[in-house]
1. Checking the a/c ratio against 1.5 first, then a/b against b/c, what shape does the Cα gyration tensor give for chain B?
2. Average partner chain C-beta neighbours within 10 Å, per residue of B:109-120?
3. What shape does the range B:133-229 take by its C-alpha gyration tensor, where a ≥ b ≥ c are the square roots of the eigenvalues and a/c under 1.5 counts as rounded, a/b above b/c as prolate, and the rest as oblate?
4. How many angstrom lie between the Cα centre of the range B:186-238 and the Cα centre of the range B:1-65?
5. How many percent of DSSP beta bridges within chain A run antiparallel, rounded to 5?
6. Cut-off 11 Å, label point 7 angstrom out along Cα-to-Cβ of residue A:125: give me the residues of the range A:286-323 whose amide nitrogen falls inside.
7. With r defined as the distance between the Cβ atoms of residue A:49 and residue A:86 and R0 fixed at 30 Å, what FRET efficiency is calculated, to the nearest 0.05?
8. With just the Cα atoms defining each centre, how far is the range B:108-165 from the range A:1-65? Give it in Å.
Ligand SMILES: Cc1ncc(C[n+]2csc(CCOP(=O)(O)OP(=O)(O)O)c2C)c(N)n1
Ligand SMILES: [Mg+2]
């Protein structure tokens, strides 16, 4: 079977949607040349009207996309740096997200915001290493964080087709993941559906984005001592609570590994919701960035602040022992 | 200008004037909760600019937005019902004074965030044109907005991509209590010049002068010109917001207020009509508004069970907040 990289899966999803639907167009900085190496080749195929380089005016081009969506187009806006989402949080939350309700259902704002390379990029330090997906889940903007190439393809396609704004985080830690993929089987992945990557009986580990791969590695290491189920929500908002509750109801133990800062991160929401719904036999645990984390530059410091496999192993041991 | 156009222009300024006066009564009577930002004194700008537009053209306005919505052709009865928070309102009671919208007549909404509408209108016009329409757009904003980076970015984007948007700055001398001299370095027209946009200063108290300037600008826009700016000099006759009716704020010298109020767009335009024509328009407006008030107050209250209807155009439903 051919190998597909995560990055090329994104490219392929954009190309397929541009070809399928002429209302789709791309907007962003240096996307004609494809500086982030996701839009490479698309200019040649679809032309400058549909692959539009913007000046460095994130707030204007984000709201320009809102306006274009109000007029019937489906813009995909690429952001070069995850922290640029802070700059346009107002435009996404206060305008794109609120328009349908505030107008009493007169409009839809089908914009996709794509962040290729979210989270730590090792060595890019404080202002380039944020992973603000929990912020969007908090405000109720559809938020996806695919872990695999096939999910990256399928979720990006679904994001473009969704009638609501959707933020797609493509973690830097997953961009180089490759997988054997049957290209003919690539398909849209429904928003709001989680996925069990590895079934298990003793503990459910919820892992977000690139951390799915760490969770799978740890589950494999621990295979001799415990049967670990690895659950990938894929969409953080709307979260697939029912399927997670099914998993946790079986294992009755829960660990969440999440690249958010700890306070108000999605891990806290996952634990709160499961505690509301499912009787657990051990206190749940979460592995996250520390409160208020700013990723320091030096690689060892950068790694120290991100959720790691050692911490995950420890957390799993705790919930197995505590119960 | 034909006599019919002259009468029509008077009708619009008179309608907005009396609408606002009736709305203030409804605020005082407790039917409009949250108050309004009265457009009193500035009617000539919305009326004159919208008289230059066609049904397919789009506008977006401000927190002081009733005049724009009415001048573009929204139904005053449904508008008033919206201000009263009724299900029969333009936005089904979900928007209120600051978000009134009527996509059916090209009103992409009043917008309560200062400086936000420019980029949205630019995107909407660009998108409609890409789909073959002859649309032009208008972004209305106040003097306070010219210091918002988001709007200046929109100027650049519209000018760079030659999107036919008329930026209309209603310079009423104050942003809430802040005088223009205390806030604007350089000039408002100078901001347009910096982006290569033609700018015209017009007497905003004279509806025909505004209409003439807007008509000329719109003709250039339709002929393929890039965006333009009109700075309309005006004066707000009443409070920044009706809360000032309770809490008098001391920031406008009484003689300045008297001078400002002495140039009344309704009087200026009314003087151009025969007594009989003017009386007929006035009577017609009174009848229409009496019916509008009746319609608004008879409108059904929206059902709290549907408070978040229209939150998601995709049909997604949000979790409820209760325990
Ligand atoms: C971005 C932003 N900042 C502040 C406010 C609060 N605010 C509402 S209206 C207003 C004054 C706006 O002045 P101007 O643009 O001149 O319009 P005017 O009220 O005079 O019509 C302010 C500060 C806001 N709504 N949005
Ligand atoms: Mg002002």
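Coordinate-derived values only; no laboratory data. Values in this document were obtained by computation on a predicted structure and should not be read as measured data. Positions of Cβ are generated from backbone atoms using ideal geometry, with glycine treated the same way; all protein chains shown enter the neighbour counts.
1. Since a/c stays below 1.5, the shape of chain B is classed as rounded.
2. Counting Cβ atoms of other protein chains within 10 Å of each residue's Cβ and averaging gives 5.
3. Since a/c reaches 1.5 but b/c is at least a/b, the shape of the range B:133-229 is classed as oblate.
4. Taking the Cα centre of the range B:1-65 as reference, the centre of the range B:186-238 is 19 Å away.
5. Antiparallel: roughly 20 percent of the beta bridges in chain A.
6. A:296-298
7. About 0.50, to the nearest 0.05.
8. Going from one Cα centre to the other spans 23 Å.
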